[in-house]
Structures are given as C-alpha cells and as structure tokens.
1. With the checklist (1) part of a helix (DSSP H, G or I); (2) within 21 Å of residue 309 (Cβ to Cβ); (3) charged (D, E, K, R) in hand, flag the one item residue 58 doesn't pass.
2. Condition (residue is farther than 29 Å from residue 107 by Cβ and aromatic (Phe, Trp, Tyr)) applied to region 323-336: is it met by at least one residue?
3. For residues that are assigned to a loop (DSSP other than H, G, I, E, B) and touching a residue at least 60 places away in the same chain (Cβ under 8 Å), scanning just region 72-122, find the one that is nearest to residue 313 (Cα to Cα).
4. Restricting region 126-181 to residues that are in a loop (DSSP other than H, G, I, E, B) and of a type in the set (S, T, N, Q), which is surrounded by the most Cβ atoms within 10 Å (Cβ to Cβ)?
5. When you look at residue 189, is it closer than 23 Å to residue 339 by Cα and either among the polar types (S, T, N, Q) or part of a loop (DSSP other than H, G, I, E, B) (or both), yes or no?
6. Looking only at residues in region 13-49 that are basic (Lys, Arg) and surrounded by 20 or more Cβ atoms within 10 Å (Cβ to Cβ), which one is nearest to residue 73 (Cα to Cα)?
7. Being farther than 21 Å from residue 204 by Cβ and acidic (Asp, Glu), is that true of even one residue in region 138-155?
Amino acid sequence: MENTQTAVQPQLRKYLYQKAARNKTPISGTFELTPRCNMNCRMCYIRMSKEEMEARGREFTAAEWIEMGKTCADRGMLFLLLTGGEPFLRQDFREIYTELKKLGLLISINTNGTMIDRETVEWLKQDPPSKINITLYGGSNETYRRLCMHPTGYDAATRAIDLLHEAGIYVTINASFTKYNIEDMEAIYAFGKSRGIKVRAATYMFPPVRNAKDGIVDEAVRFTPEEAGTARAKAELYGMREEEISFRLKALHAGRNEFMCGDEDCSRTPDEKMGCMAGRSSFWITWDGRMTPCGMMNEPVTRPFETGFSEAWKTICQETDKILLPPACKDCKKRFACVICGALSIAEGQGDSTKKPDYLCRQTEVFLDEMELEYQRRQTAESI
C-alpha cells in the first residue's frame, strides 16, 4: 500500500519558510514535551529517567503547552512538531495534541513508535497529524537490544509503522546510523521500500552538546568523519530510485546539490550567517521551557514561559543574526554538498561558530569522493 496522503510539498514549505524569515515570522516550532523515554538509546542527547528529570526541572503541564501553542499560532506559527523524549509516554499527550490541533496547525509527531498500538491508531485516524516520523533504529530486535536497550523494539516499531500505513496516516521512517547499527542500513531501507515509505537517514551525530547525562562518550557511537561520509553516500544511494540516483550523481559531478525530489525539513541557506531557517522562521522549546533556534543549540536561549513568547522570539532573532559561519566556508568549492549550519559549526567548534569544522570538511570530501566513484562506475558500465 502506497502512502496516499502527502505532507506539505517541499518547495511550497521552503517558500513559506523563506517568506516568513524575511519578516521574522515564527512559522515553524517544535515543542519538546518530555525528556522521558521508554528506550535508552546510546546516542540520545536528551533522554532522562523520571528521577533525573525531576532533579533538573519539571515538565510543563498540558494547559501550559496548549496556551503556548495558542500564543505561537497568534504570532504566525503554522507548522508544529511534537517530540520528546517519547511524547506518547505522557499520559496527557492526547489532550495536548487534540487541543493544539483545534488551532488549525499542521502537526507532525516524532516518536519511536513502540507505544503506538491499534487503539492509538484508531484515535489518530479521527483527526490525523500532518505526518508521523518514526525512528527505526535497526533491522532486528537484537540491534534494538544493543543500541536502544529495548529487546523487542523492532517488532513494536515496525508493527506501529504498518498499522499507521494501513490506516492511511502519513508516516515517514527516520534512521539514525551509528557504529552500533550501520550494518542494518540495507535492511531498514528495504523495509521502507517494501511499503512505499520514505526513509530519511542521519549519519552525522553531534558532539555531546545537549547531553542529558554527564559522562556520555560520543566516540562510542559517533562515526569518524570518513565513516560518516561513506555512510552518507550509501544512505543516499539506498534511498533513491534508479532515475533519482542518475540525476543526483550527475548533479554532484557537475558541482550542484540538486535532487529530483526532496522532503528536507531543515531548509539550508547559502548565506554566511546561520545557514538555515533556525532562529529566522523556526524555533525549538525544550521540555524545561528554554527556547533556542534549534534543538541542538544551547545558545542563544530565552524563556518564553517566563517572559512571554513575543519577547523571547525577538531576542532569539536578534541573537541568531549575530551567528556567522566559518570564513573558510565562504569560498569552499565543496560548500554545495556540505551540511554546514550554525548549530553544526558551533558544535564542531566547541562553541565557536567561526572555527573551521574539520570533521564536516572531511565528511563532505569523503561523501563526494564516494559519489564520484559511483558516477564513474556507472559511466564505465554504460560505455561497455
């Protein structure tokens, strides 16, 4: 069964983001409802137990999130992502979702899917979200046990995907690849293709910027830049149809970053400031009430529940305008294929966005080399 519903078309979404950015309209927001999760993934930057959470702060109530949603909608928010932690772990999630949906927002949900059963799907069918993003962490229960500490996570997540898909609810598969699950890449893409569901891969893992737990060693899961570049190339090739692969390879060979189609939620910009729409037309509010331009940034930060959304957003916009990308990126011939943005440059530069991000440079170089090798291989095969 093909996905019959479609999310907002990428080009339209990009246009709306850009128009909103010119006016500093917060058209897109993320509400991080909880740091709690029923899994404990090795690379997770936010997950906390209930006890750890209570030692650091508190979750905001349903009423508080709903009121914040009303304020954000009044200021121009159209797109809203509900995420966690695991949002379905909140007993009041349905209340939050239902009331926010009444505002006319296009709501997406990030979830690991393991708590979505048939009854939940029947509830969602009554007023479906714009999209549900389920992260598939592996191709077997063994991988889930090794990476996520959930011995039956694969069965639960894939069951949820199938139930949502059969119900006609638009679902995409996210896949975060690390040293613990890279061997499952082909299986994850095969699962998606067999159901006509798009798989969106992440092969870059941030340094420990927002770690909820002290002492996490990111090297345990993070690729070397060479591994990340190779994994990115493999993921792109696995994720495209044959005609898309040909188009993509020719574009990269010619020095252009073009896709036949795309659904990138994080729109990149070619300028030398932030490099994306974060802090220009989009924002993130964490479980403990901090607003940042992006979920992977600690600064700039404001407190909209305390100061009011308008004042918080104004400050975020002003401070984001001060973020400059590394001067080395300005004339880089590989910039067209690099994933650089303010959040990444700050993370790689240990707080300094202008420091040359050697990890990203090498990752991009390897990615382009791998894609060029594939291009040349196909050119040779065609000439025989």
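The values are calculated or read from the model by the stated rules, or taken from the named source; none is laboratory data. Note that the structure is predicted; figures quoted are calculated from it, not measured. Please note: Cβ atoms are built from the backbone with ideal geometry, for glycine as well, and neighbour counts cover all protein chains shown.
1. (1)
2. Checked against the condition, which is being farther than 29 Å from residue 107 by Cβ and aromatic (Phe, Trp, Tyr), region 323-336 yields at least one hit.
3. Checking each candidate, the answer is 75.
4. 181
5. no
6. 13
7. Yes, region 138-155 contains a residue that is farther than 21 Å from residue 204 by Cβ and acidic (Asp, Glu).
Condition check ((1) within 19 Å of the chain's Cα centre (by Cα); (2) over 14 Å from residue 31 (Cβ atoms); (3) hydrophobic (A, V, I, L, M, F, W, C); (4) modelled with pLDDT under 95) across all residues:
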residue	(1), (2), (3), (4)
64	no, no, no, no
72	no, no, yes, no
80	yes, no, yes, no
87	yes, no, no, no
95	no, no, no, no
101	no, no, no, no
126	no, yes, no, no
159	no, yes, no, no
